[in-house]
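So the structure is just underneath, and the comments pick up after that.
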Amino acid sequence: MREYAVDAWQRSILYADVMRQRGNQYQAHLTEDVPHVLDFPSEVVMSGRDLPRPVNYWLVRILPPDDKPADPMKRPFVVIDPRAGHGPGIGGFKVDSEIGVVIGAGHPCYFIGFLPDPVPGQTIEDVMHAEAAFLEKVIALHPCREGKPAVIGNCQAGWQILMTAAMRPELFGPIIVAGAPLSYWAGWRGRNPMRYAAGLLGGSWLTAMTSDLGAGRFDGAWLVQNFENLNPANTLWSKQHHLYTNIDTEASRYLGFEKYWGGYVYLNDVEMQYIVDDLFIGNRLATAELLTSDGVRIDLRNIRSPIVVFCSYGDNITPPPQALGWITDLYDDDKDVLTHDQTIIYATHESVGHLGIFVSGAVSRKEHHKFATNIDLIDVLPAGIYRATIAENSQKDAALSTERYELSIEREGIASVREIVQPDPESDRRFAAVAQVSKINLGLYRQFVQPWVRQAVTPQTAHWVQTMHPLRLSYEWWSDRNPLAPVIADTAKKVREQRTPIAGDNPFLQIQGAWSDAIVKTLNLWRDVRDDAYEKAFEWIYSSSWVQALAGQAADDDPSRKRPSVSPEHRAFMAQEIAGLRNSVAEGGAVEAGIRAVFYIHRFCSSIDERRANLTLELHQPDCDRGFDMDSFREIVRRQANIIRIDADAAIAALPQLLAREEPARIREVARTLGRLRSLGPLSTIEESSLTHMLDVFNVAAASQEAVLS
């Protein structure tokens, strides 16, 4: 008992001192010119304030360490963090991070961040134009042969960068969106309570009033408060108790994360209102209903780059239905995906939480590492929907893969996505009613209340409201500004000098752990009861025929969401493309023939792993000296895949015509590369037969060319 009492007292002093440091860190962070948590040296390349439509964003180049220089011939990566309440830098928060993985893979790396205060009047569209300008700059700095920049968008940066890519598709290489909400009405019944918030609050009028109380700025601390409310056990107890219990080892990690978590930023009222009205409540992005100020439709189907959607079943902020639901919102079937020539790869994690998707070191070392090191494989995938999985590497072909983990990409269909999303037309009907009720309430607020609020709020009042936010007070109240702080700091120094942690098997320490577990279970039970009440109240209110009638819904209305239509121009374009593919069956040379043969051999296999992709990339290596680049190779791969898909028999019958244009040595070289498919693992009977057939075709073609030359 005595040992535990001494240990508990020491932990309390050390805990209080860490919280004092937390307050000091918060105060220091506020005084920085560009507050961020980026843990890599960088240099500013371009400021958004200098653009014709100025914004508070900036583009920086990450300076790699001397022992890991960037390869200028590799495609650059651009990492973008969310402006969702916190400051920038979490994508490069530590060595094991998205930026760390990119640097480790030898790619040039850039980062798009932002300042705490928006430029007065800036809009979401202005930010989109700024991101496009930043990518134009990166492309100008790296005219490399590997292709356009790969872009990583975390959380809300994900939907923003996809909107930019829909507006300017020619600027993008592969796009990775991690934990990004795109279909805001989606979710599983009994889970995901955050999506009910707008309906229970009567819509976005409260967003408008919060911005008005901030004198035209929306305080990001309110967004963070929403995240905190999702898990009260962690917010009110677990996080602090974990620090207290592990005070000797956790202080540095805790302070590092709190620097990010307490770095609140602001959005303009027009920005936040757009996000809430058109995305969160209106859900207009997933059905191509958004227009830019000059009339350009923001249609995610316009994106020509592969889109990697990374989400987790453990994410309670962006659950898989909200990350993937846009696919079922946009497309009716697999043919619809193919006719729009879109490549979508999705990967799911079983347990990691929302921030862990782009912060966890384990996730960075595994998932993000495999995405970065296989970005060329991702870039050349033909149109369709794929599922990416990462598993232990069981193959020993060091020439093709020496990694601990292996990325495998398996062709799926929209049915597999629909199974995850579980679309619910009746739920969509309720959310559609919320959208209409929100418009009504927002109109009432703007007409009758907003003028009075704006008249009453001064800059001083707004500053006072922001300063008194509960989350800010939790950082403000305890720092060196508190007169008791020097006493705690001095006592903590003495405790560290004589600190002897208690043994883990101490019975009182175990009682403390059991007590903590009981508190967590109680708070979790309260959370579950609360969330269930939210859901039941939401469904009761918005299933009401009276509310739905008020929202303009008739009883016999079709409850399903309307997918965006396909224009006659698009159908005519596709017919022209298919005719062009049929006419080009006999066009090409050894590279086209080799890639076509690979697709033919594996035509019944849905899985594509990185070793097979690396072998396919070898087919073009001899052509590199003649100016072959990744964009051209990507076009060849996608074209040959479409030719095989349209008419495999005609495509294979035309191989001798393709090979007749090549030297015999080149034909045999491609044949040897194809033969190495056997070293990648056992082939099915059909694959083995097809490979033998292809090798015979190539050998006959080589012999014929040799006979002609002799």
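Rolling a 1.4 Å probe over the protein chains gives SER632 an accessible area of about 50 Å².
Rounded to the nearest 500, the helix-only mean residue ellipticity at 222 nm of the chain stands at -15500 deg cm²/dmol, with each DSSP H run of n ≥ 4 adding -39,500 (n - 2.57). To the nearest 0.05, what FRET efficiency results for ASP557 and TRP464 with a Förster distance of 35 Å applied to their C-beta separation? Result of the calculation: an efficiency of 0.15. Rounded to the nearest 5, the antiparallel percentage of DSSP beta bridges internal to the chain is 50%. Carbon-plus-sulfur accessible fraction, the chain (probe radius 1.4 Å, protein heavy atoms only): 56%. For the residues MET694, MET574, a 1.4 Å probe over the protein chains yields an accessible-area ranking, largest first, of MET574, MET694.
Distance between the C-alpha centres of the range 1-64 and the range 571-617: 50 Å, rounded to the whole angstrom. Please work out whether the range 1-139 counts as rounded, prolate or oblate from its C-alpha gyration tensor, where a ≥ b ≥ c are the square roots of the eigenvalues and a/c under 1.5 means rounded, while otherwise a/b larger than b/c means prolate and anything else oblate? Taking the square roots of the gyration eigenvalues as a ≥ b ≥ c, the range 1-139 is oblate. Mean sequence separation of contacting Cα pairs (under 8 Å, at least six apart), scaled by the length of the range 277-328, corresponds to a relative contact order of 24 percent.
Across HIS142, HIS242, HIS463, the residue with the most accessible area heads the list, and the full order at a 1.4 Å probe is HIS463, HIS242, HIS142. Checking the table LYS148/LYS366; LYS68/LYS94; LYS239/LYS259 against a 20 Å threshold on Cα-Cα, which pairs fail? Beyond 20 Å: LYS148/LYS366. Over all projection directions, the Cα-based convex hull of the range 112-176 averages an area of 4.7 nm².
Simple spin-label estimate for VAL457 and ASN699 gives 7.9 nm between the two label positions (7 Å along the Cα-to-Cβ direction from each Cα).
The amide H of VAL78, built 1.01 Å from its N in the peptide plane, has TYR110, ALA150, VAL151, ILE152 as neighbours under 5 Å, considering only residues 5 or more places off or on other chains.
Here's how it looks for ILE345: its modeled amide H is under 5 Å from those of ILE307, VAL308, VAL309, TYR386, which are all 5 or more places away or on a different chain. Among rounded, prolate and oblate, which fits the range 141-295 when a ≥ b ≥ c are the square roots of the eigenvalues of its C-alpha gyration tensor, a/c under 1.5 means rounded, and a/b larger than b/c means prolate? Taking the square roots of the gyration eigenvalues as a ≥ b ≥ c, the range 141-295 is oblate. Sequentially through the range 470-484, phi angles give Karplus couplings (6.51, -1.76, 1.60; θ = phi - 60°) of x, 5, 5, 4, 5, 8, 6, 6, 10, 7, 5, 6, 6, x, 7 Hz, Gly and Pro residues having no value and appearing as x. P(r) for the chain, from all Cα pairs and a bin width of 20 Å, is 15, 45, 30, 9, 1 %, short bins first.
Just the number please: accessible area per residue for the chain, 1.4 Å probe, all protein chains included, in Å².
Dividing the accessible area of the chain by its residue count gives 43 Å².
The values are calculated or read from the model by the stated rules, or taken from the named source; none is laboratory data. All figures in this text were calculated on a predicted structure; none of them were measured in a lab. Glycine also receives a Cβ, built like all others from the backbone with ideal geometry; neighbour counts cover every protein chain displayed. All accessible areas refer to the heavy atoms of the entire protein, side chains included, with ligands and DNA or RNA removed. Shrake-Rupley method; radii C 1.70, N 1.55, O 1.52, S 1.80 Å.
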